[in-house]
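I have placed the structure first, in the form of structure tokens, so that the comments after it can refer back to it.
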Amino acid sequence: MRANRTVACSLGRWSLLLALAAGACGQDDAAPAEGEQSAILNGQAFGAEQSSYVYLLPSKCSGQLMTNRSVMTAAHCMTDPVVQIVMGSQVANSTRIVQNPFNDIAIIRMDRAFTMVAGPFAAGPSKSRYHRALYEPTANPPTQLFCAGYGWNSASGGGGVLRGATLPVTFSGQQAFLSYNSARQIGSYGDSGMGCRLSGGMYQQWNPVAAIQSNCDSLPVPVRSCTATAPGTLTSWIAPLLSTCAHDMCETGDPLTRDCDPCATAVCAQDNFCCDIGWDDICRGEVAQYCEPTCN
């Protein structure tokens with residue numbers, strides 16, 4: 001609480017106010033043991049760093065980075081209380097996992113922010129400005145999506161490397177169905193939770209996510225079609241779980257809006273300064289006090 005702060009801290013804070021106005025991991029080639037989940041069979045490999053596609057351990061599932069600190073994946077991959085999230089050289093652990101009660105989708109909160117380029121016109125990489133949009137269904141839904149995951153790349157294994165492919169898709173309510181393409185590419189073991197975004201366009205790297213693969217890990221490999229969840233039909237459930245703050249809560253800076261993240265809400269409920277005046281070192285310390293011990 002601020003009532004316990006020293007005069008020196010308060011003066012330092014007001015003086016400041018007056019002065020200043022985002023690698024690939026290995027995976028066994030053997031068939032997955034029970035509990036392991038579903039790279040794109042025959043998919044094209046590409047670098048994981050800054051890709052927005054993450055690898056989850058120990059489940060060996062895939063996932064989609066939604067904000068610098070949030071990942072969306074398949075709920076059935078969440079078999080362990082703590083999940084490690086890997087994207088190239090960036091590694092984090094889960095601090096909170098929320099599973100949708102009716103759909104195979106989950107949101108993972110990470111203990112550190114991944115550095116990402118926020119968009120095609122961004123000045124550079126950021127730990128706070130990245131936010132992946134969701135495709136909300138329209139009368140003319142897309143007929144193909146670009147999907148990427150870390151699963152098997154052949155009928156006998158070879159996962160753990162990020163691979164992608166453009167796949168045909170159809171939508172039905174809260175589900176999407178991904179199909180084999182003409183190049184015989186399809187999801188497989190290890191691709192559960194992979195993100196599928198709209199394909200095409202000059203800035204397609206930042207296109208909205210339209211599907212999160214659910215199941216494509218049945219035998220024999222390969223299968224002809226995979227089921228997925230259409231997250232754009234669940235925005236009212238997903239949005240409150242994603243951090244949209246103007247900067248990371250472990251960084252000092254401008255005041256944060258109270259509803260940008262549940263942690264900001266908790267901190268500002270105890271300390272109005274953080275959301276009215278500025279997010280300083282005291283606010284940063286209060287993240288561990290009222291939310292998660294994530295700021296080192």
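No lab work stands behind these numbers, since they all come straight from the coordinates. Given the structure is predicted, the values throughout are model-derived calculations rather than measurements. Virtual Cβ from ideal backbone geometry, glycine too; neighbours counted across all protein chains shown.
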Here Rg/Rh (Cα, Kirkwood) for the stretch 143-296 equals 1.14
Whole-percent tail of the Cα-Cα distance distribution for the stretch 44-239, cut at 25 Å, equals 28
Of 234-244, 279-289, ordering from highest average Cβ density within 10 Å down gives 279-289, 234-244
When Thr143, Thr67 are arranged by how many other beta-carbons sit within 10 Å of their Cβ, fewest first, they go Thr143, Thr67
Cα-based Debye curve of the stretch 84-172 sampled at q = 0.11, 0.26 Å⁻¹ gives log₁₀ I(q)/I(0) of -0.49, -1.25
With +1 at each Lys and Arg Cβ and -1 at each Asp and Glu Cβ, the charge dipole magnitude of the stretch 248-296 around its Cα centre, to the nearest 20 debye, comes out at 100
The Rg/Rh figure for the stretch 200-277, Cα atoms and Kirkwood Rh, to two decimals is 1.20
Under the Karplus relation with 6.51, -1.76 and 1.60 and θ = phi - 60°, whole-Hz ³J(HN,Hα) for the stretch 276-287, x at Gly and Pro, equal 10, 10, x, 9, 9, 5, 5, 4, 4, x, 6, 4
At 20 °C in a medium of viscosity 1.002 mPa s, the stretch 248-296 has a Stokes-Einstein diffusion coefficient, with Rh taken as the Kirkwood radius over alpha carbon pairs, in µm² per second, of 213
To the nearest 20 debye, the stretch 44-239 has a Cα-centred charge dipole, built from +1 on Lys and Arg Cβ and -1 on Asp and Glu Cβ, of 280
